[in-house]
Amino acid sequence: MASGKVTIMDGGIGRELERQGAPFRQPEWSALAIMEAPSVVKAVHKSFIESGASVITTNSYALVPFHIGEEKFKKQSRTLATIAGKTARAAVNETRTETRTRICVAGSIPPLFGSYRADLYRPERVVEIATPLVEGLSPYIDLWLCETQSLIDEPLRIKSLTDQLDMSSKPFWISFTLDDLHLNREPVLRSGESVADAVKAMVNAKVDAILFNCCQPEVISQAIKVTQSQLARLGVGNIEIGAYANAFPPQPEDAKANKKLNDMRTDLTPSSYLNWAQKWVQEGATLIGGCCGIGPEHISVLSKKLVYA
């Protein structure tokens, strides 16, 4: 990815799967489509590509015990991760030749113990849970996207693991989710750790990009500003910044991501979401996409207005 130029990522896969008729329920979330309807997963990937996304993300977010259960994870996680990787790569390979060469596949490594729940984190199980995902995805992806991370330690351990298992040294992007209940304070992760401390840790870990996702767009701008400031203070100019917000209302601190399907905000239309994205770009972000509830229609507007304007 060329620094200084806006790269368009895809939007939220889970809700788009639901909209396109894939089997979809809690607690399996988007994992159910990998198990029962990978053809719909491929169609969703293609819809984001056709909308202008240059980065599509594997549908591996819910392939963890938190969503599919311990027994199924032990027996099927590596196979399901392989299907997720193959499906995303097939979507790229089946696009037009002139389009194919500019599309990257990001391997999604999710929060291993549940979205937003830093309190459920178990560091002693990181290697056990992340290894089959890394091994299954690695042959089919161009970069790692460790996303929706609520605390600092988990992505550091995952980065160390990908360094060990993936000898091709793919780029590593880390995306944090922010506390979006308290809008008028310095940005913090859902763990309560500061964005400033998170940026310092990621610089030391030599990540390639720092992003913010799966939180309201209202909290992301300040996090981008803090990230820019910290990178400048540390003399780092080779780490890109990105953002892909969700369309959820604020999530409480004890939210359980597989308890129910969240309602969606109605005000984040493609045009209103573009306004936020334009602000993020002005503040220094070069990687822009969408999370839960941000669909191909949003990505199409982003692509036309941020890349081809």
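Please treat every number below as a calculation from the coordinates, not as lab data. Computed from a prediction, not measured in an experiment: that's the story for all the values here. When we count neighbours, we look across all protein chains shown, and the Cβ atoms used for this are built from the backbone with ideal geometry, even at glycine.
Annotations
- Full-extension gain in nm, Asp153 to Leu120, via 0.36 nm per residue minus C-alpha separation: 10.6 nm
- Dipole axis of the range 7-307 (+1 Lys, Arg; -1 Asp, Glu on Cβ), positive-most option in Ile288, Val126, Thr87: Thr87
- Placing a pseudo-label 7 Å from each Cα along the Cα-to-Cβ vector at Arg25 and Asp263 gives an inter-label distance of 2.3 nm.
- Three-way shape label, the range 140-207, alpha-carbon gyration tensor, a/c 1.5: prolate
- Cross-link reach list, lysines versus Lys46, counting only Cα pairs under 25 Å and skipping chain neighbours closer than eight places: Lys5, Lys86, Lys170, Lys304, Lys305
- FRET E, pair Glu50, Lys305, Förster distance 22 Å, beta-carbon r, rounded to 0.05: 0.85
- Cα gyration tensor category, rounded, prolate or oblate, for the range 40-149 with a/c compared to 1.5: prolate
- Point-charge dipole on Cβ atoms (K/R +1, D/E -1) for the range 59-145, about Cα centre, debye to 20: 200 debye
- Annotation: amide H-H contacts under 5 Å for Glu147 (H modelled 1.01 Å from N, sequence separation of 5 or more, or interchain): Ile109, Ser175.
- Cα→Cβ-extended label distance, 7 Å offset, between Leu234 and Ser160, nm: 1.7 nm
- Of the residues Pro111, Pro217, Pro270, the one that moves most in a GNM of the chain with alpha-carbon contacts below 10 Å is Pro270.
- Relative contact order (%) - the range 7-307, alpha-carbon pairs under 8 angstrom, separation at least six: 21 percent
- Dipole check for the chain: with +1 at the C-beta of Lys and Arg, -1 at the C-beta of Asp and Glu, and the Cα centre as origin, the magnitude is about 520 Debye.
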